[in-house]
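S.K.: The structure is given below, and queries will be raised subsequently.
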Amino acid sequence: MTLLTRVRQGDAAALSTLYRRHSGVVFRHARIHAPHCDAAADATQETFLWLATQGAFSYDRAQGSLAAFLCGVVRNQVLRIRAQDARQPLSLEDVEAPSPDGDEDAIQDALAPLLAQERGQALLDALRELPPEHREVVALIEFEEFSYAETAAILGCAIGTVRSRLHRAKAALHQRLMELFPPERRNAA
Amino acid sequence: MNNADSRFPAADVHDAWANARIAWRRTGPPDALEGSLLKQFAVARTDATSAAHPLRPRVGGWRTRWLFPQRLAFAVAGSMLLAAGTGIGWLATSTGRSADVAEVTTPFMLVAEPIGNTLDVSQLLRVSVSREAMLDFGIPVPPQKLHEPVRAELLLGARGEPLAVRFVDRPVTHQRAIFY
């Protein structure tokens with residue numbers, strides 16, 4: 001018996017398992033469009049609650065993975081929250097990329113990991129400056145490792161659109177990295 | 001890009017992406033969210049309807065209702081029959097309400113099964129719907145167009161029941177380049 005079948009029958013443990021398996025990717029995708037972290041959490045909860053009460057019947061395995069399906073749902077949830085939330089414009093400060101919490105100090109102990117992380121963090125910072133539609137494509141494909149087809153299904157657009165957005169986004173990110181890490185600085189490092 | 005790549009070694013780019021991926025994936029929902037979700041789920045389960053009867057799948061979502069090929073074919077055939085049979089002329093007036101403003105419309109899509117392959121249309125209604133409302137049906141909406149309305153035309157029956165719908169795109173305001 002699949003987890004979804006058990007969720008349909010009201011099994012809270014099955015819902016908990018599904019949540020622990022997919023909540024990370026769903027929450028991170030919600031944060032791309034959410035005006036603030038609480039809105040992303042609300043959208044994540046609404047998504048899983050919807051899945052548990054009626055969405056489990058709507059999911060068709062042939063249409064893609066459950067994670068991709070949930071990302072599409074949470075995207076709609078966040079957009080609805082944004083529309084209801086006094087029609088606030090998207091703030092880059094509010095949708096800042098995830099920052100490491102307690103273990104940042106441990107990484108800074110050694111020089112090499114520090115430099116490596118600096119580049120990664122610079123890339124995340126540059127990602128924040130991209131338009132949302134480019135940001136979400138990079139996040140879904142490069143970070144969450146969804147396929148082009150799954151990403152297109154999540155975003156409701158053509159695969160070609162996904163490819164072109166990703167190409168433009170990566171070009172912009174690469175350019176930004178070049179500005180932040182010029183050759184002389186890298187050689188010195 | 002090739003120029004840039006030659007100045008920025010592939011290993012550095014790879015490291016940057018790998019570390020960004022690690023940092024990105026480190027974020028998760030708040031710990032309290034799972035407890036809140038399960039509490040809400042328990043409330044939903046204790047609801048009389050959900051407790052007494054298992055939830056049924058939704059039938060007739062927008063995909064099956066509007067995009068099902070047979071129904072779409074019915075919609076096209078129905079709209080053609082309607083235009084030819086009744087000769088009311090509303091079809092012509094709705095596709096071009098004035099001579100200088102053209103509109104792009106989709107074919108009519110049935111929202112109810114026709115009786116005897118004919119539509120008993122008594123009224124054409126033009127509506128404007130918020131895209132935000134479409135989110136409720138799982139229809140993808142580009143964020144930048146969230147506040148733009150969607151215009152549609154509804155065919156209503158004698159009792160006001162909706163029979164078919166089609167979408168109307170915004171008026172094309174550009175001028176024709178060739179006159180004949």
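Read-outs: derived from the displayed coordinates by stated rules, not from any lab. Keep in mind that this is a model prediction, so the values were computed, not measured. Please note: Cβ atoms are built from the backbone with ideal geometry, for glycine as well, and neighbour counts cover all protein chains shown.
S.K.: Would you order A:V78, B:V43, B:V141 from fewest to most other beta-carbon atoms within 10 Å of each residue's own beta-carbon?
M.R.: B:V43, B:V141, A:V78
S.K.: For the peptides B:24-32, A:29-37, A:3-11, what is the packing order when you average, over each peptide's residues, the other Cβ atoms within 10 Å and list the highest mean first?
M.R.: Descending packing order for the listed peptides: A:29-37, A:3-11, B:24-32.
S.K.: Between B:R26 and A:R21, what is the FRET efficiency for a Förster distance of 25 Å, r being their Cβ-Cβ separation, to the nearest 0.05?
M.R.: Efficiency at R0 = 25 Å is approximately 0.90.
S.K.: Ranked by Cβ crowding within 10 angstrom, fewest neighbours first, how are A:H22, A:H174 ordered?
M.R.: With the sparsest Cβ surroundings first, the list reads A:H174, A:H22.
S.K.: May I pose another question? Describe numerically, in nm with one decimal, the distance between label points set 7 Å from Cα along Cα→Cβ at B:F167 and at A:A149.
M.R.: 2.4
S.K.: Can you tell me, using C-alpha contacts under 8 Å and at least 6 residues apart, the relative contact order of the stretch A:3-84 as a whole percent?
M.R.: Relative contact order comes out at 38 percent.
S.K.: Also: Based on the Cβ-Cβ distance from B:E148 to B:R45, what FRET efficiency comes out when R0 is 45 Å, to the nearest 0.05?
M.R.: 0.70
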